[in-house]
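This report concerns only the one structure given below.
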Amino acid sequence: QVQLVESGGGLVQAGGSLRLSCAASGRTFNNYAMGWFRQAPGKEREFVAAISVSGGRNNYADSVKGRFTISRDNAKNTVYLQMNSLKPEDTAVYYCAARKLVPATAPTAYDYWGQGTQVTVSS
């Protein structure tokens, strides 16, 4: 099993940057693909980015491609989401998720979730 804790959220002006971290507890982190999702008030949880077990492959939602970068450091049991050129529409609670072996874009495909961290982008 994997336990996940997100951090790094906050308030930022449009055009600014934030770096989210997701710290994983457990002994099987290296066998899990990782994903980032977000959920804005009144909306469904949506896919943001995912990364393979080794970090060799990644995937991004069209809305964040070119602005966000997902990465992982397996030695530190941590996955990151670097968010640049933030827009007000990026405002949401951001969640880290883990899935065995291969990444996916559907929230239902993931087995473990963190508690979320709030990102607010002002205009």
On the given criteria, is V64 farther than 18 Å from Q1 by Cα, of a type in the set (V, I, T), in contact with a Pro (Cβ under 7 Å, 6 or more places away or on another chain) and open to solvent by less than 40 Å² (accessible area, probe 1.4 Å)? no
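Which members of region 63-86 meet the condition of being among the hydroxyl-bearing types (S, T, Y) and not in a strand (DSSP E or B)? It would help to see each step written out before you state the result.
Kept after step one, since they are among the hydroxyl-bearing types (S, T, Y), are these residues of region 63-86: 63, 69, 71, 78, 80, 85.
Passing the criteria: S63, S85.
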Answer yes or no: is there a residue in region 87-100 that is of a type outside the set (A, V, I, L, M), more than 15 Å from N59 (Cα to Cα), within 12 Å of the chain's Cα centre (by Cα) and not in a strand (DSSP E or B). no
Name the residue that is most open to solvent (accessible area, probe 1.4 Å), counting only residues in region 18-45 that are under 17 Å from K87 (Cβ atoms) and in contact with a strand residue (DSSP E or B) (Cβ under 6 Å, 6 or more places away or on another chain). R19
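When you check Q13 against the structure, is it more than 12 Å from the chain's Cα centre (by Cα) and closer than 13 Å to V119 by Cα, yes or no?
Values: more than 12 Å from the chain's Cα centre (by Cα): yes; closer than 13 Å to V119 by Cα: yes.
So Q13 passes the test.
Table: residues versus (1) touching a helix residue (DSSP H, G or I) at 6+ places or on another chain (Cβ under 7 Å); (2) farther than 22 Å from T108 by Cα; (3) of a type in the set (K, R); (4) in contact (Cβ under 8 Å) with a residue 24 or more places away in the chain.
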{"residue": "G9", "(1), (2), (3), (4)": "no, yes, no, yes"}
{"residue": "R19", "(1), (2), (3), (4)": "no, yes, yes, yes"}
{"residue": "A24", "(1), (2), (3), (4)": "no, no, no, yes"}
{"residue": "N30", "(1), (2), (3), (4)": "yes, no, no, yes"}
{"residue": "W36", "(1), (2), (3), (4)": "no, no, no, yes"}
{"residue": "R45", "(1), (2), (3), (4)": "yes, no, yes, yes"}
{"residue": "A49", "(1), (2), (3), (4)": "no, no, no, yes"}
{"residue": "S52", "(1), (2), (3), (4)": "no, no, no, yes"}
Does region 67-104 hold any residues that are of a type in the set (V, I, T) and open to solvent by less than 60 Å² (accessible area, probe 1.4 Å), and which are they? I70, T78, V79, T91, V93
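The values are calculated or read from the model by the stated rules, or taken from the named source; none is laboratory data. Worth saying up front: this structure is predicted, and the values here are computed from it rather than measured. Please note: Cβ atoms are built from the backbone with ideal geometry, for glycine as well, and neighbour counts cover all protein chains shown. Heads up: the accessible areas ignore ligands, DNA and RNA and are worked out on the full protein's heavy atoms, side chains in. Shrake-Rupley method; radii C 1.70, N 1.55, O 1.52, S 1.80 Å.
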